[in-house]
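Comments concern the structure below.
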Amino acid sequence: MALGPNVSIEVLQGHSHSWRRCWRSAWTLCALLGALQTPLQASETETRHAMAAMAAFAECKILNAGYSRDRAQNILNTWISNKGLKKQAEWLQSAQAIRVVALISEAMNKSCNGFDQNSSQFIPAMEAIDQL
């Protein structure tokens, strides 16, 4: 997904403990299902989690729902603008963000409303979220 000018997605793999996987999956699923709130006093990590979740949702829509890159980028840009996160959104162009967004979007189910825990990207996605 074009997260910013001249940005591409890189996918890396890893592994994790299954008991931690369930907690992270539940947290991220909540974020992806609408708890993408960024309170005025949100920490940098919370803001990054929310931005990564929204960017991954948009990328998932490209991968699974036939959205154009322009449409998905518009979804992300509108969300960023509505949340007042233009300055913080520069982080989405970082190697860390690109990796996290790629892993999350590829670990999501075909409906883009949760995770496919059988996906080869599921565990690496949960680990990448932990590293934010």
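The values are calculated or read from the model by the stated rules, or taken from the named source; none is laboratory data. Bear in mind that the values here come from a model prediction, so they are computed numbers and not experimental data. Please note: Cβ atoms are built from the backbone with ideal geometry, for glycine as well, and neighbour counts cover all protein chains shown. Note: accessible area is taken over every heavy atom of the protein model, side chains too, but ligands, DNA and RNA are not part of it. Shrake-Rupley method; radii C 1.70, N 1.55, O 1.52, S 1.80 Å.
Listed values, structure above:
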read-out: Residue match in the range 99-117 (condition: over 13 Å from the mean Cα position of the chain (by Cα), surrounded by 15 or more Cβ atoms within 10 Å (Cβ to Cβ), assigned to a helix (DSSP H, G or I) and at negative phi); value: no
read-out: Within the range 99-132, considering residues that are of a type in the set (Gly, Ala, Ser) and without any contact (Cβ under 8 Å) to a residue 24 or more places away in the chain, the one farthest from Ala58 (Cα to Cα); value: Ser119
read-out: Residues of the range 86-98 satisfying the condition of being open to solvent by 40 Å² or more (accessible area, probe 1.4 Å) and either touching a residue at least 60 places away in the same chain (Cβ under 8 Å) or not basic (Lys, Arg) (or both); value: Gln88, Glu90, Gln93, Ala95, Gln96
read-out: Positions within the range 38-87 being polar (S, T, N, Q), closer than 21 Å to Glu106 by Cβ and assigned to a helix (DSSP H, G or I), in sequence order; value: Asn64, Gln73
